[in-house]
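What follows is calculated from the coordinates using simple rules that are stated; it is not laboratory data. Not measured: the values here are computed from a predicted model. So basically every Cβ, Gly included, is an ideal-geometry build from the backbone, and we count neighbours across all protein chains shown.
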Amino acid sequence: MRARERWALGLAAACAAGTFAAAMTLGLPGTTGGLAARILWSVRLPEALTALIVGGGLGLSGLLFQLVLRNPLADPYVLGVAGGSTFAAVAATLFLGTAAAGGGMALRGAAALVGGLLTLAGLMKLAGGKPETLLLGGVVANTAFAAGARMLTVWLSPEQLAYVTTFLVGFIPTPPAAIPLLLGIPCLYTLARFMPRGRGLDLLLLADDEARATGLEVERVRREALLLATVLAAAAVTLCGMLGFVGLVVPHLARLTAGRRHRVLVPASFLLGAAFLLAALTAGKLVGGSWLAPVGVYTSLVGAPVFLVLLVRSSRRELP
Amino acid sequence: MIELRSVHFAYPGAQRLLRGANLVIRPGEVVALAGPNGAGKSTLLRIAAGLLAPSEGEALLDGRPVESWSRVARAKQLAYVAQSPKTPEEWRVSEIVELGDYPHREQPPAPRPLAIRLEEVRTRLGLATVWERRADSLSGGEAQKVSLARALVQDTPNLVLDEPASHLDLANQMVLFRSLSELATQGRSVLLATHDVNLSRLFGQRLVLLNGEGIVKPMPEGAEEQGRLLRQAFGVAFRPVELSGTLCWFPDPRGENPAEATAYSGAREDGGPKGPGGR
C-alpha cells in the first residue's frame with residue numbers, strides 16, 4: 001500500500017471514529033449518573049452502530065454499483081433498487097404491522113431484499129446491458145415505486161402511517177444492538193471478500209476480454225458484486241428507509257482521497273459512508289433536537305450540493 | 001505454443017466466418033495475421049486466446065485444449081491485448097501496467113520479481129516519460145503501448161495481440177516489431193493481427209493471410225504467387241518493391257479496382273498528379 005493510500009485510509013478511519021464519538025456524546029440531555037449512562041448504552045450506542053453499519057454498507061453498495069455498471073452516477077437509490085426495496089417493505093408493513101423487533105423486522109428485511117433484487121433483475125433485463133437505459137429505467141422505477149408506496153399509505157392505520165412516514169424520510173432507529181450487528185454480516189463479508197482481492201475488482205475496469213485473459217472470472221465477480229450491493233442496499237432500507245446520496249457521493253469522495261485501487265477504495269468507502277451517516281445523525285440531533293431526526297433529509301441536503309460540485313469539477317476537467 | 005486445428009466459427013445468425021483455419025505458432029516464432037476488414041482476424045485471435053469457443057475444431061495452448069486450462073493457469077501462459085483496449089481513466093500508467101501481475105498473485109509465484117518486469121517493459125516500450133501520468137491524458141498511441149506493457153508484465157510464454165500497431169507512429173511501430181522479435185528469441189510464441197503486410201516480414205517474421213474464404217494461408221515464396229494471393233485477399237492490385245532483400249508489397253492505385261482506376265485516370269486528364277478520387 002502506498003503512502004497516500006495509507007494516509008487516506010487513516011483519515012477515513014479518523015473521520016469514522018470522530019463522528020462515532022460525536023454521535024455518542026454530542027447533544028446529550030444534561031443529566032448525570034445513571035440516566036446518562038442508560039441513554040448512552042441503550043439509545044446512543046445502538047443508533048451509532050446502526051448509522052455506522054448502514055452508512056458503511058451504502059458506501060460499499062454505491063462503490064460496487066458504480067464499478068460493475070461502469071457508471072459514476074450509479075447508486076442503489078438512482079438505480080431503483082432502494083425504491084423497490086422500500087415499496088416492498090412498506091407493503092410488508094401494511095400486511096404485517098410495524099413490529100420493529102423479531103419476526104416483523106426479519107420479514108420486512110426479506111421483503112426489501114426480494115423487492116430490491118427483483119427491481120434490479122427486471123431493469124437489467126429491460127436495459128440489455130446498456131448503462132444509460134439502466135439508469136433512466138432506475139429513475140423511472142424509483143418514481144413509480146415512491147408513488148406506489150404513497151398509494152399504499154391510504155390503507156395504513158395511523159400508527160402504521162407514522163412509521164412509514166419516518167421510513168420514507170429516512171431515519172436511524174434505536175433497535176436492540178443485536179440487529180445492526182446482524183446486518184453488519186453482509187458488510188463484513190463484502191469487506192472480507194473484496195479487500196484482499198481488490199485487484200480483482202480493478203480488472204473490471206479493463207475490456208472484458210482482457211480481464212478474462214488476465215485471469216479474472218469476470219462474470220462471477222460481477223454477479224457477486226451486484227448481489228452484495230443489492231443485499232447491502234436492502235439491509236439499509238430495512239433498517240433506515242430512504243437515505244439518499246450516501247451511496248452516490250461516498251465512492252466519489254473515496255476516490256478523491258484514496259486514489260483508484262479497490263483494495264483501498266473498498267475500506268475507504270465503508271469508513272467514509274459510516275462517517276457521512278454518523279455526521280448526518282449528529283447534525284440531526286443538534287439541529288432538530290428531536291429523538292427521531294429525519295436523517296435522510298440531512299444526507300440529501302449535504303449530498304446533493306457535494307455531488308453537484310464533483311460533477312461540475314469533473315466536467316470542467318474534460319473541457320480542452 | 002499456440003495451435004489452431006481446422007477451426008470453424010460462425011456468429012449466431014451470421015454466415016460462417018472461419019472455415020477450417022489451421023495455424024501453429026511455435027516457441028520462438030512471431031506470426032503476423034493480415035486480412036481484409038471483417039475476415040475474422042479478431043475472432044481467430046479470440047479463439048486462440050481461449051476467449052471464444054470455436055463451432056468446430058480446436059484451439060490448443062501448449063498442446064492442451066485451451067478451454068481445459070483454469071483461468072489463472074491460462075493467464076500465466078498466455079497474455080492478450082484487445083483491438084480496443086481500455087485504459088481506466090484517472091489511473092496512473094504505472095498502476096495500469098501493474099495490473100498484468102494479477103495471475104501471479106496466486107501460487108506458484110512468478111519466476112521473476114514484479115519490479116524487474118516493470119522496469120523491463122518501461123525501458124523496452126519507452127514509457128519512462130509517461131510512467132506517472134494519468135491514462136486520460138495519454139494519446140491513442142501511448143495508451144496502446146500501456147495496454148501492451150500490461151500484457152508483457154504478465155510475463156507469459158504466449159502473446160496474442162489484436163492490431164497492436166494500429167495507433168502507433170512509424171518509429172513506435174519499429175520499436176514494437178523489434179521488441180516482438182526479441183521476445184520471440186527468448187522462446188515466446190507471438191500471434192498478432194496487423195494491416196501492414198511488410199513490416200513483420202522486414203523483421204524476419206512470418207506473415208499469414210486470412211482471406212475471404214475463412215482459411216489461413218501462408219505467404220508463398222515466389223513474387224508472382226505473393227502478388228496473386230494479396231490481390232485475391234484484399235481485392236486490389238499490389239506492386240512489389242524490394243527492400244533489404246525482402247519483397248515489400250504496396251497497393252497500386254491504378255490497379256484493378258475499376259472505381260479507383262477510373263477516378264485516378266480522370267484526375268490525371270485534368271492535368272495534375274492527384275491521388276485516387278482527386279478533388
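Putting +1 on Lys and Arg Cβ atoms and -1 on Asp and Glu Cβ atoms, find which of B:PRO113, B:GLY63, A:LEU26 reaches farthest to the positive end of the dipole of the protein assembly as shown.
A:LEU26
Counting Lys and Arg as +1 and Asp and Glu as -1, each charge on the Cβ, what is the dipole of the protein assembly as shown about the Cα centre in debye, to the nearest 20?
1080
Could you give the semi-axes, largest first, of the ellipsoid that matches the range B:30-83, computed as the square roots of 5 times the alpha carbon gyration tensor eigenvalues and rounded to whole Å?
Equivalent ellipsoid of the range B:30-83: 20, 13, 10 Å, largest first.
Can you tell me the orientation of helix B:223-234 relative to chain B, as the angle in degrees between its alpha-carbon axis and the longest Cα principal axis, to the nearest 10?
So the inclination is approximately 80 degrees.
In debye, nearest 20: dipole of the range B:2-219 around its Cα centre with unit charges on the Cβ of K, R (+) and D, E (-)?
The dipole of the range B:2-219 has a size of about 380 debye.
With the contact rule set at Cα under 8 Å and sequence spacing of 6 or more, what percent relative contact order holds for the range A:3-318?
Worked out over the range A:3-318, it gives 34 percent.
Once you put a point 7 Å from the Cα of B:ASN22 and another 7 Å from the Cα of B:GLU120, both along the Cβ direction, what distance in nm separates them?
Placing both labels 7 Å beyond Cα along the Cβ direction yields 3.4 nm.
Helix by helix through chain A, keep the DSSP H runs that span 18 Å or more along the axis on Cα and average at least -0.5 on Kyte-Doolittle, and give those back in order.
Qualifying helices: A:3-25, A:45-68, A:81-96, A:102-127, A:131-152, A:178-194, A:218-240, A:262-288, A:295-318.
Using a 10 angstrom cutoff on alpha carbons, build the Gaussian network for chain A and name the most mobile of A:THR93, A:THR50, A:THR214.
Looking only at A:THR93, A:THR50, A:THR214, the largest GNM fluctuation is found for A:THR214.
To the nearest Å, what is the center-to-center distance of the range B:20-99 and the range B:136-188, using C-alpha atoms only?
Value for the Cα centre distance between the two parts: 14 Å.
Can you tell me what percent of all Cα-Cα pairs in chain B are more than 23 Å apart?
When every Cα pair of chain B is considered, 58 percent fall beyond 23 Å.
Using the eigenvalues of the Cα gyration tensor, what equivalent ellipsoid semi-axes result for the range B:209-248 when each is taken as the square root of five times the eigenvalue, whole Å, largest first?
Values for the range B:209-248, descending: 19, 11, 7 Å.
Of the listed peptides B:32-38, A:272-278, what is their order by residue-averaged count of other C-beta atoms within 10 Å, with the highest listed first?
Top to bottom by mean Cβ count within 10 Å: A:272-278, B:32-38.
Using only the C-alpha atoms of the range A:182-296, find the volume of their convex hull and express it per residue in Å³.
Considering the Cα atoms of the range A:182-296, their hull volume per residue is 104 Å³.
Peptides B:71-77, B:246-252: what's the order by average Cβ count within 10 Å, highest mean first?
Highest mean packing first, the order is B:71-77, B:246-252.
With label points built 7 Å along Cα→Cβ from the Cα atoms of B:SER137 and B:VAL241, find their separation and express it in nm.
3.9
May I ask for log10 I(q)/I(0) of the range A:142-226 at q = 0.13, 0.21, 0.26 Å⁻¹, from a Debye sum over the Cα atoms as equal point scatterers with solvent left out?
Debye intensities relative to I(0), on a log10 scale: -0.73, -0.96, -1.17.
Using a 7 Å offset from the Cα along the Cα-to-Cβ direction at both A:ALA91 and B:GLN15, what is the distance between the two label points in nm, to one decimal?
In this crude spin-label approximation the distance works out to 5.1 nm.
For the protein assembly as shown: lysine pairs with Cα atoms under 22 Å, gap of 8 or more or different chains, count?
7
Which whole-number percent gives the relative contact order of chain B, counting Cα pairs below 8 Å spaced six or more residues apart?
Normalised by residue count, the contact order of chain B is 23 percent.
Return, for the Cα atoms of the range A:82-229, the radius of gyration and Dmax in Å, separated by a comma.
18.4, 59
What is the calculated FRET efficiency for B:ALA223 to B:GLN83, with r their C-beta to C-beta distance and R₀ = 45 Å, to the nearest 0.05?
The formula returns an efficiency of 0.90 here.
Which value does Rg/Rh take for the protein assembly as shown over its C-alpha atoms, Rh per Kirkwood?
1.09
Per residue Cα convex hull volume for the range B:80-153, in cubic angstrom?
85
Would you work out the relative contact order for the range B:112-189, in percent, from Cα pairs under 8 angstrom that are 6 or more residues apart?
Contact order relative to length: 33 percent.
Report the one residue of A:PHE87, A:LEU161, A:GLY198 whose Cα lies farthest in the direction of the positive end of the charge dipole of the range A:3-318 (charges on C-beta: Lys and Arg +1, Asp and Glu -1; origin at the Cα centre).
Going by the charge dipole, the pick is A:GLY198.
Over all alpha-carbon pairs of the range B:81-217, lay out the pair-distance distribution in 5 Å bins, whole %, shortest bin first.
Percent of Cα pairs in each bin: 2, 9, 19, 22, 20, 13, 8, 4, 1, 0.
Across every pair of different alpha-carbon atoms, what Kirkwood hydrodynamic radius in Å does the range A:3-318 reach?
One over the average 1/r among Cα pairs gives 19.7 Å for the range A:3-318.
Can you tell which of A:ALA178, A:ALA280, A:GLY137 lies farthest toward the positive end of the dipole of the range A:3-318, using +1 and -1 charges on the Cβ of basic and acidic side chains (Lys, Arg; Asp, Glu)?
A:ALA280
What fraction, in whole percent, of alpha-carbon pairs in the range A:34-117 exceed 14 Å separation?
Distances greater than 14 Å cover 72 percent of the Cα pairs.
About the Cα centre of the range A:77-230, what is the dipole size in debye to 20, counting +1 per Lys and Arg Cβ and -1 per Asp and Glu Cβ, all else neutral?
Using only the charged Cβ atoms, the result is roughly 140 debye.
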